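Student: Got a structure here, written out as structure tokens. Questions coming.
Read the figures in this text as sums done on the coordinates, not as results from a lab. As the structure is a prediction and not an experimental result, all values here were calculated from the model. Cβ sites come from the backbone with ideal geometry, for glycine too, and all protein chains shown count toward neighbours.
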Amino acid sequence: MTESQSRYSIVERLTDKKIKLMSDKSSLKNQISQKEQCVQSLKSDIQNWKKDVQEDIKRAERDKERGIESAEKDLKNVKERLNEQEKSYSEQICALDNALKSIEEISKTAPSN
């Protein structure tokens, strides 16, 4: 019986060791699988990040273009206002010149005291 118990004990220990090794092997496969999933997740994250950055760049570019368009409209409006003011000043200067000529002619024809 002792011999039988001894064999049983050896078989049990070997079986336990085999089960532990199989479990460890399975654990390694799970670790590899988890790491592969992590790598895939990181790759997916970087692709999404690149798309987000591209969208951000496009949005920023559109904002800058709108800013340029707005500045060009402002410039055009200022030029138009300046041209109108310049025309108004020219008309006023002409009117003053005419007034001065009239005064000069009156002065020439008026008797001096």
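Student: Can you give the helix-only mean residue ellipticity at 222 nm for the chain, where every DSSP H stretch with n ≥ 4 adds -39500 (n - 2.57) and the sum goes over all residues, rounded to the nearest 500 deg cm²/dmol?
Tutor: -37000 deg cm²/dmol
Student: Which of rounded, prolate, oblate describes the chain, given a ≥ b ≥ c as roots of the alpha-carbon gyration tensor eigenvalues and a/c under 1.5 marking rounded, otherwise prolate only if a/b is larger than b/c?
Tutor: Since a/c reaches 1.5 and a/b is larger than b/c, the shape of the chain is classed as prolate.
Student: Based on Cβ point charges of +1 for Lys and Arg and -1 for Asp and Glu, what charge dipole magnitude is obtained for the chain about its Cα centre, in debye rounded to the nearest 20?
Tutor: Its charge dipole is roughly 1320 debye.
Student: Can you find, among Ile32, Ala95, Ile10, the residue farthest towards the positive end of the dipole of the chain? Put +1 on the C-beta of Lys and Arg, -1 on that of Asp and Glu.
Tutor: Ile10
Student: How long is the gain from Ile32 to Val78 if the chain were fully straight, where each residue apart is worth 0.36 nm and the alpha carbon distance is subtracted?
Tutor: 9.7 nm
Student: Express in nm, to one decimal, how much length is gained between Gln85 and Arg62 on full extension, taking 0.36 nm for each residue of separation and deducting their alpha carbon distance.
Tutor: Going from the current span to full extension adds 4.8 nm.
Student: What's the extension gain from Gln92 to Lys43 if we count 0.36 nm per residue and subtract their Cα-Cα distance?
Tutor: 10.4 nm
Student: Still on this structure, please answer the following. Between Asp52 and Lys25, what FRET efficiency follows from the Cβ-Cβ distance if R0 is 25 Å, with the result rounded to 0.05?
Tutor: According to the calculation, E is roughly 0.05.
Student: Still on this structure, please answer the following. Relative to the first principal axis of the alpha-carbon coordinates of the chain, what is the inclination of helix 2-109, with its axis defined by its Cα atoms, in degrees from 0 to 90 and to the nearest 10?
Tutor: The angle comes out near 0 degrees.
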